[in-house]
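See structure below.
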Amino acid sequence: MKPEKAAAIVSTGRALPVGRVTNLDLEEIVDTNDEWIRTRTGIRERRMVNASETNADLSVSAARLALERAALRPEDVDLLIVATVTPDQPLPSSACLVQAKLNAYNAFAFDLAAGCTGFLYGLHVADKFIKTGSAKNILLIGVDILSPIIDWQDRNTCVLFGDGAGAVVVKEAKGSGGLKAARMFSDGSKAGLLYIPGGGTRLPPSGMVVEKRLHYVKMNGPEIFKFAVKIMAESTQQVLEMCAKSPQDLDYLIPHQANMRIIEAACKRLGIDLSKVLINIERYGNMSSASIPVVLDEAVEEGKIKSGDLIAMVAFGAGLTWGAALLEW
Ligand code: UT7
C-alpha cells in the first residue's frame with residue numbers, strides 16, 4: 001500500500017519590528033520592575049510595531065523570506081493561511097491583504113483564529129490539504145500584533161506580550177520526513193480566562209467600550225498558568241505516543257513562548273532537559289501565533305536543526321485552545 005502523504009516544512013522566515021520595549025521602559029509606564037518580570041516570566045524585552053507597521057506588512061516580510069528560501073514565486077502559492085487574532089482590520093481577512101501585497105494571485109487565502117495555538121492549528125490544516133492533494137505549495141504565516149490590544153495600564157498583561165511574524169512553506173514531504181502526528185484541542189467553556197469583551201459584534205466599538213477599556217485583553221494569568229503546564233506536558237506526550245516515541249527520542253521541543261516558568265515546569269514533567277528546548281522568550285515575550293515559527297526560523301538559521309531531527313511543537317492560548325505536533329525535519 002502506498003504510504004499516506006505527509007506535509008513538511010521546507011523553509012522558514014521571520015519579521016520583527018525594530019522597536020524594542022525593555023522592562024525598564026515598562027517601569028516608567030506601570031507599577032512593575034525588571035526583577036519581577038524577569039523572574040516571573042523570563043522576559044527582558046519585546047518588540048513593538050510603530051504607527052505605520054501592520055500585521056500584513058510583517059507577514060509579507062516573513063513570507064518573502066520563506067518563499068525565497070523554498071525557491072518559490074508568490075504565484076506558486078496555492079493556499080495562504082494566516083494564523084492570527086490581530087488582523088489589520090475586521091474585514092477582509094489579513095490573509096487577503098497579504099495575498100494582494102505579495103501578488104500571490106493563484107492562492108486562496110483565509111485567516112485562522114486559534115489564539116496562541118494558531119500556528120499549530122494552521123500546520124494541522126495545511127497537512128490535510130497536502131494529504132488530499134488539494135494544495136501543493138502552502139504558505140503558512142503565524143503573526144500577531146498584540147501591542148494595540150493590550151491595556152498599557154494593566155501590569156498583569158502589558159509586560160507579557162510582543163509583536164512579530166513567522167512564516168513557513170509547507171509542501172509534501174520527500175522520503176520519510178514531515179509531520180508525523182498532530183492533536184489539536186479546544187475548550188470554549190474556558191473562554192473567560194483570556195478574552196477581549198468589546199469591539200466585536202456583541203459590543204461594537206463605542207465611546208462606552210473605549211471608556212471602560214473593554215477593547216483590551218483581559219486575562220486570568222494564574223489559571224492559564226496551571227492549565228498550560230498540565231496540557232503542554234500531556235499533549236506532547238500524546239503525539240509522542242501516537243508514534244511510539246518517548247520524550248528522550250526528541251532532538252528538540254519547541255514550546256509556545258508564554259512564560260519561562262511554564263516551559264520549565266512542563267519540561268520537568270516530561271523529563272526533557274532544557275538544552276533540547278528552543279527558547280527566545282527573553283527577547284520577544286509572548287508573540288502569540290508568531291512565537292513558534294519565529295523561534296523555529298532562528299534555530300534553522302543558526303544551523304541547530306538538522307535533517308532527520310525529531311521535533312515536537314506544543315502550544316496553548318485563548319479559546320482555550322491547545323495542541324501539539326511531532327515532525328521529522
Ligand atoms: O499565550 C497565553 C497567554 N497567557 C499566559 O501565558 C499567562 C500565563 N500566566 C502567567 O504567565 C503568570 O500567571 C503571570 C506572569 C501572568 C503572573 O505570574 P504569577 O506568578 O501567576 O503572579 P500572580 O498573578 O499570582 O501575581 C502575584 C503578585 C500579585 O501581587 P500580590 O497580590 O501578591 O500582592 C500581582 O499583583 O504579583 C503581582 N504582579 C506584578 N507585580 C509586578 C502581577 N503582575 C505584576 C507585574 N509587576 N507586572
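The values are calculated or read from the model by the stated rules, or taken from the named source; none is laboratory data. From a predicted model like this one, the values you see are computed outputs, not experimental measurements. Backbone-built Cβ (ideal geometry, glycine too); neighbour counts: all protein chains shown. In case anyone asks, the SASA skips ligands and DNA or RNA and just uses the protein heavy atoms, side chains included. Shrake-Rupley method; radii C 1.70, N 1.55, O 1.52, S 1.80 Å.
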Practice task
Tell me, yes or no, whether segment 237-252 has at least one residue that is open to solvent by 10 Å² or more (accessible area, probe 1.4 Å) and closer than 20 Å to L146 by Cβ.
Solution key: no
Problem - Single condition N259 does not satisfy, out of (1) under 23 Å from R47 (Cβ atoms); (2) surrounded by fewer than 20 Cβ atoms within 10 Å (Cβ to Cβ) - result: (2)
Exercise for the section: Give the residues of segment 8-51 that are closer than 27 Å to A83 by Cα, within 16 Å of the ligand (Cβ to nearest atom) and part of a loop (DSSP other than H, G, I, E, B), sorted by residue number. Expected result: G42, I43, R44
Practice task
Mind listing whichever residues of segment 282-329 are within 15 Å of the ligand (Cβ to nearest atom), assigned to a helix (DSSP H, G or I) and among the β-branched types (V, I, T)?
Solution key: I292, V294, V295
Practice task
For F185, indicate whether it is of a type in the set (A, V, I, L, M, F, W, C), open to solvent by 30 Å² or more (accessible area, probe 1.4 Å) and either on the phi > 0 side of the Ramachandran plot or in contact with a strand residue (DSSP E or B) (Cβ under 7 Å, 6 or more places away or on another chain) (or both).
Solution key: yes
Practice task
State yes or no: is V229 open to solvent by less than 40 Å² (accessible area, probe 1.4 Å), within 26 Å of R46 (Cβ to Cβ), within 24 Å of the chain's Cα centre (by Cα) and modelled with pLDDT of 95 or more?
Solution key: yes
Exercise for the section: Being under 15 Å from the mean Cα position of the chain (by Cα) and open to solvent by 10 Å² or more (accessible area, probe 1.4 Å) is the filter here, so list the residues in segment 160-171 that pass it. Expected result: L160, F161
Completion exercise
Listed by range, strands (runs of 3 or more DSSP E) wholly within segment 52-159 having at least 2 residues that are touching a strand residue (DSSP E or B) at 6+ places or on another chain (Cβ under 9 Å) and open to solvent by less than 10 Å² (accessible area, probe 1.4 Å) are 79-83, 138-145
Handout entry: Residue tally, condition closer than 30 Å to L91 by Cα and open to solvent by less than 40 Å² (accessible area, probe 1.4 Å), over segment 28-51
Key = 3
Problem - S275 vs. criteria surrounded by 22 or more Cβ atoms within 10 Å (Cβ to Cβ) and either modelled with pLDDT of 95 or more or within 16 Å of the ligand (Cβ to nearest atom) (or both) - result: no
Problem - Residue that is closer than 23 Å to T22 by Cα and within 12 Å of the chain's Cα centre (by Cα), where the choices are V295, V314 - result: V295
Handout entry: Of residues in segment 204-225 being charged (D, E, K, R) and surrounded by 13 or more Cβ atoms within 10 Å (Cβ to Cβ), the one farthest from the ligand (Cβ to nearest atom)
Key = K212
Practice task
Mind telling me which of the residues L193, L160, L120 ends up being in contact with a Gly (Cβ under 7 Å, 6 or more places away or on another chain), over 28 Å from L240 (Cα atoms), touching a residue at least 60 places away in the same chain (Cβ under 8 Å) and within 16 Å of the ligand (Cβ to nearest atom)?
Solution key: L160
